[in-house]
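K.L.:
Below are the structure tokens for one structure; questions will follow.
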Amino acid sequence: MGARTGVPRGEAGEDVLARRWTLTAADAAEVLRARGAEHRLRCAVQLCTLRATSRFVTDYRRVPPEAVSHLAAQLGLDPVLALPEPERPATESAQLARIRRHLGWHEFDHAAEQRLRDRLGERAAEGMTPGPLLALAEDLLRAARVVLPAPSTLERLVASVAAHAVQNLFERIAAGLPNRLRDAIEDLVDVPEGEHRSPLAHLKEPPPAA
């Protein structure tokens, strides 16, 4: 259980429970706005997880039972072994929005995505590769207090930005070449009609053995 599920790693131990799963008085007041024990526990789980990981929980079944029991004790609720998934997505969405406002975080909306793309595009143009770009993306979102999207979403975004930067680089290089050289390169990489491979592919074949 880790960043991909939205649940902090290393949940065992009283120190970890106290550090990651303890509600402040203001937190408890916000959680108690929810109606019903299950809604309150889910709200408490999401609040603590957002604070610890910059993401929301995507699967309540992966939340450690010790953490759920620790939160229930703080809220004066009966302990439970596991949290069921919410039955009403609209209620869950409204609850997550209240948690964001309570903690001062923002949704990863179109404007936030465009700002991120612009910043990453600058670094990609300087030669930064996808791995460091992904780490930078998370750092930038955390600094702006924007809730991190799903890891797969962020990975696709970074891959798109990196590919766009490479394409721009090739276009700039091509624009500086003489027309005759560009035509020669195109002839080298294009696959002739009736053939299955380009002339460049033939040139890349290893020489026959002596």
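The values are calculated or read from the model by the stated rules, or taken from the named source; none is laboratory data. All values derive from a computational prediction rather than experimental measurement. As a convention, Cβ positions derive from the backbone with ideal geometry for all residues, glycine included, and neighbour counts pool all protein chains shown. SASA here: full protein model, heavy atoms, side chains in, ligands and nucleic acids out. Shrake-Rupley method; radii C 1.70, N 1.55, O 1.52, S 1.80 Å.
K.L.:
Taking only region 31-40 into account, find how many residues are of a type outside the set (Gly, Ala, Ser) and in contact with a helix residue (DSSP H, G or I) (Cβ under 6 Å, 6 or more places away or on another chain). Spell out how you get there, then give the answer.
P.N.:
To start, the set of residues in region 31-40 that are of a type outside the set (Gly, Ala, Ser) comprises 31-33, 35, 38-40.
Still in the running and in contact with a helix residue (DSSP H, G or I) (Cβ under 6 Å, 6 or more places away or on another chain): 31, 40.
Adding up the residues that qualify gives 2.
K.L.:
Cβ contacts < 8 Å: first residue modelled with pLDDT under 85, restricted to region 153-173; second residue surrounded by 13 or more Cβ atoms within 10 Å (Cβ to Cβ) and aliphatic (A, V, I, L, M), any location; separation 6+ or different chain. Result?
P.N.:
Cβ pairs passing all conditions: 168/125; 169/125.
K.L.:
Also, I was wondering about something else. Just checking: which of the helices (runs of 4 or more DSSP H) contained wholly in region 106-210 hold 3 or more residues that are exposed (fewer than 12 other Cβ atoms within 10 Å of the Cβ) and not basic (Lys, Arg)? Steps first, answer last, please.
P.N.:
On the way: elements: 110-125, 130-143, 151-175, 179-189, 199-203.
Correct list: 110-125, 130-143, 151-175, 179-189.
K.L.:
Do we find that residue 33 is part of a loop (DSSP other than H, G, I, E, B), at pLDDT below 95 and open to solvent by 20 Å² or more (accessible area, probe 1.4 Å) in this structure? Even if it seems obvious, please write down each step before you answer.
P.N.:
Numbers: part of a loop (DSSP other than H, G, I, E, B): yes; at pLDDT below 95: yes; open to solvent by 20 Å² or more (accessible area, probe 1.4 Å): yes.
So residue 33 fits the description; yes.
K.L.:
Given the conditions (1) part of a loop (DSSP other than H, G, I, E, B); (2) loosely packed, with under 15 Cβ neighbours inside 10 Å, which single one is not true for residue 90?
P.N.:
(1)
K.L.:
Starting from residues that are small (Gly, Ala, Ser) and in a helix (DSSP H, G or I), keep the ones in region 93-105 and report whichever is farthest from the chain's Cα centre (by Cα).
P.N.:
Quick first cut of region 93-105, residues small (Gly, Ala, Ser) only: 93-94, 97, 104.
Right, trim to in a helix (DSSP H, G or I) and you get 93-94, 97.
Details: 93: 18, 94: 21, 97: 18 Å.
Result: 94.
K.L.:
Right, another one. I need the full set of residues from region 146-159 which are out of contact with any Lys or Arg (no Cβ under 8 Å at 6 or more places or on another chain) and over 20 Å from residue 51 (Cα atoms), in order please.
P.N.:
Matches in region 146-159: 152, 153, 155, 156, 158, 159.
K.L.:
Kindly indicate whether residue 109 is farther than 17 Å from residue 146 by Cβ and of a type in the set (Asp, Glu). Spell out the reasoning first.
P.N.:
Details: farther than 17 Å from residue 146 by Cβ: no; of a type in the set (Asp, Glu): yes.
It is false that residue 109 is farther than 17 Å from residue 146 by Cβ and of a type in the set (Asp, Glu).
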